[in-house]
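Below is one structure, written out as structure tokens; the observations come after it.
The values are calculated or read from the model by the stated rules, or taken from the named source; none is laboratory data. These numbers were taken from a predicted model, which means no experiment stands behind them. A quick note on method: Cβ atoms are made from the backbone with ideal geometry, for glycine too, and the neighbour counts reach across all protein chains shown.
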Amino acid sequence: MADPAATRAEPRSARIAFLLDDGVPLFDIAAIDLPPLRSASGSVHLPGSKSISNRVLLLAGLAEGETVLLDLLDSDDTRVMLEALRTLGCGVDRRERECRITGLGGRLRVHEADLHLGNAGTAMRPLMATLALLAATQGGRFDLRGVARMHERPIGDLVDALRRLGCTVVDLGAPGYPPLRVTGEPDGRLAGLEAGQPVRVRGDVSSQFLTALLLALPLVAERRDVIVEVEGELISKPYVDITLNLLGRFGIAVQRDGYARFMLPRGSRYRSPGRLHVEGDASSASYFIALGAIAATGGAPVHIAGVGSDSIQGDIAFVDAARAMGAEVKSGPGWIEVHRGRWPLKAIRLDARPIPDAAMTLAVMALYADGPTRIEGIASWRVKETDRIAAMAAELRKLGADVLAGDDFIEVRPPRQWQAASVRTYDDHRMAMCLALAAFNALATGAAGAGVPTPRVSAGLPTARVSAGLPVRIEDPRCVAKTFPDYFEALFGLAEAAEDDVPVITIDGPTASGKGTLAAAVARALGYHLLDSGLLYRATGLAAAADGISPDDEAAVARLAGTLDLRFASAEEAEPTRVWLRGREITAELRHENAGLLASRVSALPAVRSALHGLQLSFRRAPGLVADGRDMGTVVFPGAALKVFLTANAGQRAERRHKQLISKGIQTTIDSLRADLEARDARDRNRAVAPLKPAEDALLLDNSDLTIEQSVAQVLNWWQARSPFGRSARGSSASTPA
Ligand code: DC
């Protein structure tokens, strides 16, 4: 058997859209179905912190000269900020781990712009304050707008503070909400500031208003001390600490009196630190800390790299809350390690004001607790990406939890009976990320089981070994791109499902029927792994050739096939998966005619087929697998939940192959190709080893007259009809299939 460590399929990209050659998305993932998950271990490297990334981007954009930012988050929210900086005339050069920003040095280069800031609060607030001050003193007109939800997120307290200073802020929509315009004349004056008045801002709705002012006010602190006073009790203080820390890195030493009064001393000026490393996102860490607390049950922990005990982010305090619920957590500079400790988790009551974002993760951990968990001090949830209290209550209830929700608290009682739910995510990345943890429901004490018919995604295989578990559907999973574009890949890199729980779709069929294209598109649309089994025979053939072994030497080729040192890497969008054999990339070679000829010879050897069997099975990993090849549904995955046998008439197939070859500059005729194909079909049907024939329970799909889109749509429809969520799960709340 193949050495699984050497040949194991790396988690393939659950990339979100399948792109045709012209870059047009064919199918977006409307939902991702998580099979029941049962354990977790391994290492995850976190993307950069959103809060730090957008703050340092703005600071670098305002400073003089170049700043190199390392490990900056690459997500929707940072892209919005980068785009805004570009529009304002900053230099932006992003490649791999480095992002170089050339700042404005406090002087406007562009005096008019219309900025679209998506749903990024961390871009809207500080840019508004910055541009209001710059327009008021240097002249200009800037419009700031976002998506519809952004126009529902209040910003009036910041607008009021800026107006009192002497800035002109015009409401372009509802007063106190974006869209807004800031304007001013060259050499304008800030009457409020000049009168020596302190800048007053409310602190009890969002700390982002204070942060916005602190980031922007150094622009006008050259000639005088600027004082900021906070009205009301400041919430989310740790986020203000991040702001102060980063201002310090840019040469601005804010003096303060608790969290009520701040002073930017006269002569403050943004000075680039040169290089700055962005630490991993502590809110994103919360999902993996929870993962360890729930599912790191074996010897190996969940190891989180990128953020640790030296973090400047407040959400690192989530570690304490997780410990209080029973997690075993160790940490050091830049790392955290988590094991499951107590089980079930301990129900807690917590004032979550210091960790508003990460506290959402506690609400999901509460599903696995020994009683009701109450999270208080979360009024700010109501004005985030969505009304998070309402959203969380609704979705946790779908899973079977008993939820009490108030203006500023949520209380979650774990399900007595779990339900297979299709979870809405409300265009809120954190809803998607934390609710994915509900897929560990099989581990809950008293979960599912007793009297509840468990909907099985994979039919027909014995499941007595493991307790029942329910799949969870996450709708619109792309929303994680706001802060963690590869979240699901990372999760599936650590989480394990029982093999029988991982759904398999097989696509068998004759040569040139379009199996490969169809399988890749279906896998991308569902976020599943892809097994191109022909590729394994091709690689075996190439390895034999490289070693000077005859493709007919059954024993020698089988030995080789059993120890193939193959590595895969997900490729971008529509590119083929990249493949390395013994450390050498063979992606292109695999596609050559010669590799196909070698493959057809080695694939006729029974010992080779059985040598590759284990390797093929190892591709069956959460969240699911689409396996393409002639015997996938008959031999390798006889219990597959959906088997498709794809055909097309010989004429059509010959035409497609002809087009393919012509595009590669190879001259042939359709007639000769058709004759070849027909001869090969006959040989394949009649050969003794793995003859070409549909599985008894396969659905036949003749795609002679179908476009790729139509074939994909047909397979996805069949799949939906078999899923426990039925056809109409998207957006519905009817989620109990029992
Ligand atoms: O699909 P393909 O052209 O990459 O397949 C290469 C060869 O391997 C072809 O001759 C069919 C054979 N094959 C097989 O016997 N069993 C599979 N599961 C896949 C491919």
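When you check ALA481 against the structure, is it under 23 Å from ILE294 (Cα atoms), at pLDDT 90 or above and assigned to a helix (DSSP H, G or I), yes or no? If you could, list the steps in order and put the result at the bottom.
Values: under 23 Å from ILE294 (Cα atoms): no; at pLDDT 90 or above: yes; assigned to a helix (DSSP H, G or I): yes.
No.
Does the range 292-301 contain at least one residue that is in contact with a Gly (Cβ under 9 Å, 6 or more places away or on another chain) and at pLDDT below 95?
no
Return yes or no: is LEU646 within 13 Å of the ligand (Cβ to nearest atom), within 42 Å of the chain's Cα centre (by Cα) and touching a residue at least 12 places away in the same chain (Cβ under 8 Å)? Break it down stepwise before answering.
Numbers: within 13 Å of the ligand (Cβ to nearest atom): yes; within 42 Å of the chain's Cα centre (by Cα): yes; touching a residue at least 12 places away in the same chain (Cβ under 8 Å): yes.
The answer is yes for LEU646.
It is to be established whether one or more residues within the range 585-604 are near the ligand (Cβ under 10 Å from one of its atoms), under 14 Å from VAL557 (Cα atoms) and assigned to a loop (DSSP other than H, G, I, E, B).
yes
Could you please find all residues in the range 679-705 being at pLDDT below 90 and among the acidic types (Asp, Glu)? So that I can check it myself, show each step before the final result.
Taking the range 679-705 as the starting set, the residues that turn out to be at pLDDT below 90 are 679-693.
Answer for the range 679-705, where residues must be at pLDDT below 90 and among the acidic types (Asp, Glu): ASP681, ASP684.
Taking ARG630, is it crowded, with 16+ Cβ neighbours inside 10 Å, basic (Lys, Arg) and either within 16 Å of the ligand (Cβ to nearest atom) or touching a residue at least 60 places away in the same chain (Cβ under 8 Å) (or both)?
yes
So which residues in the range 260-278 are within 34 Å of the chain's Cα centre (by Cα), buried (at least 16 other Cβ atoms within 10 Å of the Cβ) and in a strand (DSSP E or B)?
Across the range 260-278, the qualifying residue is only LEU276.
So which residues in the range 41-57 are closer than 21 Å to ALA358 by Cβ and in a loop (DSSP other than H, G, I, E, B)?
LEU46, PRO47, SER49
Pick from VAL608, VAL635: which is surrounded by fewer than 22 Cβ atoms within 10 Å (Cβ to Cβ), closer than 21 Å to ALA688 by Cα and either within 13 Å of the ligand (Cβ to nearest atom) or free of Cβ contacts under 8 Å to residues at least 12 places away in the same chain (or both)?
VAL635
Within the range 647-668, is there a residue that is β-branched (Val, Ile, Thr) and in contact with a Pro (Cβ under 9 Å, 6 or more places away or on another chain)? Full working, then the answer.
Of the residues in the range 647-668, the ones β-branched (Val, Ile, Thr) are 647, 662, 666, 668.
Add one more test, that the residue is in contact with a Pro (Cβ under 9 Å, 6 or more places away or on another chain), and what stays is 647.
Taking every residue of the range 647-668 in turn, at least one turns out to be β-branched (Val, Ile, Thr) and in contact with a Pro (Cβ under 9 Å, 6 or more places away or on another chain).
Can we say LEU615 is more than 10 Å from the ligand (Cβ to nearest atom), assigned to a helix (DSSP H, G or I) and surrounded by 19 or more Cβ atoms within 10 Å (Cβ to Cβ)? Give the steps one after another, and end with the answer.
Numbers: more than 10 Å from the ligand (Cβ to nearest atom): yes; assigned to a helix (DSSP H, G or I): yes; surrounded by 19 or more Cβ atoms within 10 Å (Cβ to Cβ): yes.
Yes: the conditions hold for LEU615.
ALA379 is checked against (1) in contact with a strand residue (DSSP E or B) (Cβ under 6 Å, 6 or more places away or on another chain); (2) hydrophobic (A, V, I, L, M, F, W, C); (3) surrounded by fewer than 24 Cβ atoms within 10 Å (Cβ to Cβ) and fails just one. What number does that condition carry?
Evaluating ALA379 over (1) in contact with a strand residue (DSSP E or B) (Cβ under 6 Å, 6 or more places away or on another chain); (2) hydrophobic (A, V, I, L, M, F, W, C); (3) surrounded by fewer than 24 Cβ atoms within 10 Å (Cβ to Cβ) leaves (1) as the failure.
On the basis of being more than 34 Å from the chain's Cα centre (by Cα), crowded, with 20+ Cβ neighbours inside 10 Å and either away from the ligand (no atom under 13 Å from the Cβ) or outside any loop (DSSP other than H, G, I, E, B) (or both), does VAL557 make the cut?
The answer is yes for VAL557.
When the residues of the range 27-73 are filtered to those that are of a type in the set (Val, Ile, Thr) and within 24 Å of VAL472 (Cβ to Cβ), which remaining residue is modelled with the lowest pLDDT? Walk me through how you get there before you give the answer.
Here is the first cut: in the range 27-73, the residues of a type in the set (Val, Ile, Thr) are 29, 32, 44, 52, 56, 67-68.
Narrowing the set further to residues that are within 24 Å of VAL472 (Cβ to Cβ) leaves 29, 32, 44.
Values: ILE29: 73, ILE32: 94, VAL44: 97.
So, considering only residues that are of a type in the set (Val, Ile, Thr) and within 24 Å of VAL472 (Cβ to Cβ), the one modelled with the lowest pLDDT is ILE29.
Return the only residue of ARG94, ARG109, ARG55, ARG79 being over 22 Å from THR211 (Cα atoms) and within 27 Å of the chain's Cα centre (by Cα).
After applying the criteria, what remains is ARG94.
Name the residues in the range 484-513 that are on the phi < 0 side of the Ramachandran plot, more than 18 Å from the chain's Cα centre (by Cα) and not in a strand (DSSP E or B), would you?
Correct list: ALA497, ALA498, GLU499, ASP500, ASP501, VAL502, PRO503, PRO510, THR511, SER513.
So which residues in the range 109-144 are in contact with a strand residue (DSSP E or B) (Cβ under 6 Å, 6 or more places away or on another chain) and among the charged types (D, E, K, R)?
GLU112, ASP114, ARG141, ASP143
Mind telling me which of the residues VAL608, VAL636, VAL602 ends up being within 30 Å of ASP705 (Cβ to Cβ) and more than 29 Å from the chain's Cα centre (by Cα)?
Values: VAL608 fails: within 30 Å of ASP705 (Cβ to Cβ); VAL602 fails: within 30 Å of ASP705 (Cβ to Cβ).
The unique qualifying residue is VAL636.
Can you name every one of the helices (runs of 4 or more DSSP H) wholly within the range 151-230 that holds 1 or more residues which are touching a residue at least 60 places away in the same chain (Cβ under 8 Å)?
Filter on the range 151-230 gives 208-216.
Kindly list the number of the only condition in (1) within 14 Å of the ligand (Cβ to nearest atom); (2) touching a helix residue (DSSP H, G or I) at 6+ places or on another chain (Cβ under 7 Å); (3) more than 30 Å from ALA295 (Cα to Cα) that fails for ASP565.
Unmet condition: (1).
Residues of the range 652-665 being touching a residue at least 24 places away in the same chain (Cβ under 8 Å) and more than 14 Å from the ligand (Cβ to nearest atom), which ones?
At the first step, the residues of the range 652-665 found to be touching a residue at least 24 places away in the same chain (Cβ under 8 Å) are 652-654, 656-657.
Those that are touching a residue at least 24 places away in the same chain (Cβ under 8 Å) and more than 14 Å from the ligand (Cβ to nearest atom): GLN652, ALA654.
For the range 58-115, give me each residue that is charged (D, E, K, R), surrounded by 14 or more Cβ atoms within 10 Å (Cβ to Cβ) and part of a strand (DSSP E or B).
Of everything in the range 58-115, those that are charged (D, E, K, R), surrounded by 14 or more Cβ atoms within 10 Å (Cβ to Cβ) and part of a strand (DSSP E or B) turn out to be GLU64, GLU66, ARG94, ARG100.
List, please: which pairs have Cβ atoms under 7 Å, are six or more places apart or on different chains, and start with a residue in the range 306-324 that is in contact (Cβ under 8 Å) with a residue 40 or more places away in the chain and buried (at least 23 other Cβ atoms within 10 Å of the Cβ) and end with one that is in a loop (DSSP other than H, G, I, E, B) and among the hydroxyl-bearing types (Ser, Thr, Tyr)?
Partner pairs satisfying both residue conditions: GLN313/SER49.
Checking LEU531 against (1) surrounded by 24 or more Cβ atoms within 10 Å (Cβ to Cβ); (2) away from the ligand (no atom under 15 Å from the Cβ); (3) closer than 20 Å to ILE29 by Cα: exactly one of these is not met. Which one?
It fails just one condition, (2).
Quick check on the range 282-301. Is at least one of its residues over 24 Å from the mean Cα position of the chain (by Cα) and under 15 Å from ALA444 (Cα atoms)?
Looking through the range 282-301, at least one residue is over 24 Å from the mean Cα position of the chain (by Cα) and under 15 Å from ALA444 (Cα atoms).
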